[in-house]
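Here you go, one structure.
The values are calculated or read from the model by the stated rules, or taken from the named source; none is laboratory data. This is a predicted model, so every value here is computed, not measured. Please note: Cβ atoms are built from the backbone with ideal geometry, for glycine as well, and neighbour counts cover all protein chains shown.
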Protein chains: 2
Amino acid sequence: MSSDSSKLTYFGPYEVTSQVFYNTPFSYCLVNIKPLLPGHVLVISNRIVPRLTDLTTNEVTDLFMTVQKVQRMLAKVYFKPEAEVGRVGTPEDGAFNVAMQDGISAGQTVPHVHVHIIPRPRDSPQGDEIYDRIESEEGNVGGALWDRSRPIPGGKFAKPEESDRKNRTETEMVKEANFFREQMELVD
Amino acid sequence: MSSDSSKLTYFGPYEVTSQVFYNTPFSYCLVNIKPLLPGHVLVISNRIVPRLTDLTTNEVTDLFMTVQKVQRMLAKVYFKPEAEVGRVGTPEDGAFNVAMQDGISAGQTVPHVHVHIIPRPRDSPQGDEIYDRIESEEGNVGGALWDRSRPIPGGKFAKPEESDRKNRTETEMVKEANFFREQMELVD
């Protein structure tokens, strides 16, 4: 967001500064270049280490408290209007897949701890197409989602459907990041 | 573990006392009745609430520090002998899928916060069969794994392959729980 290059944010080899929508003392949050479903975002440790077991207690706490806060924000944006803060646990609200690919053979493609959050609104279309798209990501909703130059872990994961998931433009991502940044101020 | 009925542990409607292999102040760990892959276990909040956002800071911290500790134990059991404590982040080691189905429309079938941990040894067979099995779980490695009487979220998830994943016997589960309980004492 700043022209000060010392403030640029990287995720793997990618400069993602304008896609960041939230920062905490130990974590940051990014919109995704190829969201599996609308609102699919990443919560990432500031410290560049590959594995969950590399994080300190403070980092783990911050990472998942941030996941909670992002869930509250996404619930307001994507779920029914009555799904207010603090009510995301009720059955009539939507849900989330929360997933980590913790290491290469679990599909991790950027060796930097990150948590996928994927909103699953209850009344969203749930046809086979959506499931097929999810399944195309190596049978893991976490998927290897940051794939501008994606390796294929284990040599078996990529499927033809993969190519249907188009990269978003920088403009689209910045617009979403700006919107989510505003929304984060509206939740506890 | 005890004949004192006040110490019985339940997960949803299921009495799982003998499948528990680790307890913390806020969490407990269970072996699975239908592991997707060997070593697939669950880390569960003691407090019976459905959603990640229902947990307090202390509960979240404990839950994921427990996930870390269980990963260290599973790394010793399932990965190469050189994958010692503290080395699970190196590429030659295995990996883990860590997944939560946080709400009904994300596939959650027991409304009680739980984290799936699935070891992915690097040199395990990685044929299509394994991916098909993972994909048969609603395209989510988290899967709806505790399915002695499983609902089908969204009405679209179950697939024929599902029936190939057999329930384990009580004896098998108790044996594994006992083994993991011992192993937990050997990690930090």
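Name every residue in the range B:54-96 that is at pLDDT 95 or above, surrounded by 16 or more Cβ atoms within 10 Å (Cβ to Cβ), at the interface with chain A (Cβ under 7 Å from one of its Cβ atoms) and out of contact with any Leu (no Cβ under 8 Å at 6 or more places or on another chain), in order of residue number.
Matches in the range B:54-96: B:THR61, B:MET65.
Those residues that are touching a His at 6+ places or on another chain (Cβ under 9 Å), within 13 Å of chain A (Cβ to nearest Cβ) and among the aliphatic types (A, V, I, L, M), I need them from the range B:12-53; list them, please.
Once the filter is applied, which keeps residues that are touching a His at 6+ places or on another chain (Cβ under 9 Å), within 13 Å of chain A (Cβ to nearest Cβ) and among the aliphatic types (A, V, I, L, M), the range B:12-53 yields B:LEU36, B:VAL43, B:ILE48, B:VAL49.
Can you run down the residue pairs with Cβ atoms below 6 Å, 6 or more apart or on separate chains, where the first is in the range A:24-38 and without any contact (Cβ under 8 Å) to a residue 60 or more places away in the chain and the partner is among the aliphatic types (A, V, I, L, M)?
Matching pairs, first to second residue: A:SER27/A:VAL43; A:SER27/A:LEU63; A:TYR28/A:VAL20; A:TYR28/A:ILE44.
For the range A:39-53, check the following and say yes or no: at least one residue is within 17 Å of the chain's Cα centre (by Cα) and among the hydroxyl-bearing types (Ser, Thr, Tyr).
Within the range A:39-53, one or more residues are within 17 Å of the chain's Cα centre (by Cα) and among the hydroxyl-bearing types (Ser, Thr, Tyr).
Here's something else I'd like to know. Out of the residues in the range A:97-118 that are assigned to a strand (DSSP E or B) and touching a Ser or Thr at 6+ places or on another chain (Cβ under 9 Å), state the one that is nearest to the other protein chains (Cβ to nearest Cβ).
Per the stated criteria, the residue is A:ASP102.
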